[in-house]
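The next block holds one structure in the form of structure tokens; read it before the comments.
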Amino acid sequence: MATAEDTAFAQPKPVLPSLFGIPQTPGLRTLILSVGAAITLAIMVGVWMWSQQPDYKVLFSNFNDRDGGAIVASLQQMNVPYKYSEGGNAILVPANQVHDARLKLASQGLPKGGNVGFELMENQKLGISQFLEQVNFQRALEGELARSIQAVSAVQTARVHLAIPKSSVFIRDQQKPTASVLLNLYPSRVLDTQQVSAILHLVASSVPELSAKNVTIVDQNGNLLSDPTKQIGANNLDPSQLKYIQEYQQNIVKRIESIITPIVGANNVRAEATADIDFSRSEQAAESYRPNSPPEASTIRSQQSSETYNKTAGASGIPGALSNQPPVPATAPIVASGAAATQATAASNTGLTQKDATVNYEVDKTIRFTQQPMGGIKRLSVAVVINYKSETDKSGKVTTRPLTDVEKTQITDLVREAMGYNKERGDTLNVVNSPFASPEKETIVELPIWKQPDNIQTLKEIGKYLIAAGILAYLFFGYLKPLLYKIMGKDKAAEEEAAAKAAEELKASEQEAEEGAIVKLSHEAEHPASRQASSYEANLELTKELARQDPKIVANVIKTWINNE
């Protein structure tokens, strides 16, 4: 006779549905469920990693290809994650590693900016020729100059070309070196004349025998910045002179406001000054002569006198041989007395007499050399506006009134002293007392909470985590958990079938218990003597049956008895 178990085993096994025309076996079904669970788990892991992805910020931008490759290689060695911007002109790294990565790359000399400096001389090969040494030295010098020029705030990149001729022993064949500089400026940035001159002299001072006039500076637009024809003429002012004028005017305004503010109060005085400064340099040399002084008061520089006597002797004696003979020695005294002697002397000294005298006197002469320094003030104009004076009465009400004539005169005198007023050179001063227009109160529109940048960023972070949590919860409870249950053989249909079967068994046991109770009651009614014994045996049998069917309940009851002693 076949039992219930043999009948159950004899029933045909259910055929699983096919997938894409391929019949499913239990192993294939388990494999498909496992693959689905793995895919779901991978999606959950990807969502989690997306929610934990850090913000990236710019590490370096506007670099050349060589520096970019070196930076990427160093980041890979340091295990620092990186990515490129949309245009590919910037390298991005996590925000919390930007400064650390920059310092580490700076210790390696990155980025180099595309210029090779004197480090090129460190890798000299053995047996290199003198020509290559000279070329490497020139390249290194050009790179160092380009790096120095790039230190200027307005310069983004720079290239320097040096033309250094070979030295010659012949003076007539010697040539001077020249230099060319190409500047790439930042957007909306320009170089003034003083900065161009500084770069020009920097290059000229770095190369031997290179003069500033042989240096050419060009910007990225092809504009010649170092144009020698644009020299500062007599009618133009250089930046230093303009700066001097501005500083002088501001100094006058500051002195006026500082001396008037304690009288009229803060923000109640405004002053402006205009200075006409002469930057021309003048030199004057003068030589003047005064009229001659009287002879008695003059000074003799030199004096010369001369006297000439012309003596002619008369004819004496008889012409002939006797008169041509030397005279006979005198026999009488030479000195004669009286009129005879005078007559004899006059007769013997007949002739011409000439006298000359030259006297040179000092002449008055004055030589004056005058040099006027540049920067003198030719004319100064100052305008001052003073607000009405505010007064507070006993009730606390604030009223304004114009300045009196005495107060205005005092302020005008103070301003003249502070500015250094000079009427002779044509200085002007104008002091006006007028009420100031009250400034309009600027209404700052407060942005709503949802439009504030900080709150927007916070909401983005919170929204990212909420979206990630929602996706993870949906994948887990909607796909992963049911797949795991199906893989473990605890699908929903099996659970429902088991629950239905348990309900039927419970209902059948309740019916049997009711029928047994009815039979028992009828038996006890017919045999009252055996009522007590049968009840004990029935309870024992029921307890044994309960222990066999559901041992957990019995264990819980015994545990409760032990805990309650």
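The values are calculated or read from the model by the stated rules, or taken from the named source; none is laboratory data. What you see is a predicted model; the values in this text were computed from it and never measured. Cβ placement follows ideal geometry from the backbone for every residue including glycine, while neighbour counts extend to all protein chains displayed. In case anyone asks, the SASA skips ligands and DNA or RNA and just uses the protein heavy atoms, side chains included. Shrake-Rupley method; radii C 1.70, N 1.55, O 1.52, S 1.80 Å.
Side notes on the structure shown:
- Any chance residue 93 is of a type outside the set (Lys, Arg) and under 23 Å from the mean Cα position of the chain (by Cα): yes
- Residue that is modelled with the lowest pLDDT [pool: residues in the stretch 111-126 that are part of a loop (DSSP other than H, G, I, E, B) and surrounded by 11 or more Cβ atoms within 10 Å (Cβ to Cβ)]: 114
- Number of residues in the stretch 367-394 that are within 30 Å of residue 285 (Cβ to Cβ) and either without any contact (Cβ under 8 Å) to a residue 40 or more places away in the chain or not hydroxyl-bearing (Ser, Thr, Tyr) (or both): the value is 12.
- Qualifying residue in the stretch 44-67 (condition: at pLDDT 75 or above and small (Gly, Ala, Ser)): yes
- Qualifying residue in the stretch 376-388 (condition: outside any strand (DSSP E or B), modelled with pLDDT of 70 or more and either under 30 Å from residue 258 (Cα atoms) or open to solvent by 90 Å² or more (accessible area, probe 1.4 Å) (or both)): yes
- Screening residue 282 on (1) surrounded by fewer than 11 Cβ atoms within 10 Å (Cβ to Cβ); (2) modelled with pLDDT under 80 shows it passes everything except condition (1).
- When the stretch 375-393 is filtered for residues that are charged (D, E, K, R) and closer than 20 Å to residue 265 by Cβ, the ones remaining, listed by number, are 389, 391, 393.
- Residue selected from the stretch 439-480 under the condition open to solvent by less than 100 Å² (accessible area, probe 1.4 Å) and assigned to a loop (DSSP other than H, G, I, E, B), by the criterion nearest to residue 36 (Cα to Cα): 452
- Test: residue 565 is modelled with pLDDT under 70 and loosely packed, with under 13 Cβ neighbours inside 10 Å: yes
- Flag if residue 81 is farther than 30 Å from residue 200 by Cα and surrounded by 14 or more Cβ atoms within 10 Å (Cβ to Cβ): no
- Residue check: residue 402 meets all listed conditions (1) surrounded by 11 or more Cβ atoms within 10 Å (Cβ to Cβ); (2) touching a residue at least 40 places away in the same chain (Cβ under 8 Å); (3) closer than 29 Å to residue 261 by Cβ but one, namely (2).
- The stretch 262-284 residues that are part of a strand (DSSP E or B), paired with ones that are open to solvent by 70 Å² or more (accessible area, probe 1.4 Å) and modelled with pLDDT of 85 or more (beta carbon under 7 Å, 6 or more apart): 276/378; 276/379; 277/378; 278/378
- Where a residue in the stretch 82-103 is over 8 Å from residue 59 (Cα atoms) and at pLDDT 85 or above and its partner, wherever it lies, is assigned to a helix (DSSP H, G or I) and not basic (Lys, Arg), with Cβ under 6 Å and at least six apart: 82/75
- Failed condition for residue 109, given (1) without any contact (Cβ under 8 Å) to a residue 24 or more places away in the chain; (2) within 30 Å of residue 240 (Cα to Cα); (3) under 21 Å from the mean Cα position of the chain (by Cα): (2)
- The residues of the stretch 127-181 that are within 31 Å of the chain's Cα centre (by Cα), surrounded by fewer than 15 Cβ atoms within 10 Å (Cβ to Cβ) and under 18 Å from residue 226 (Cβ atoms), listed by number, are 154, 161.
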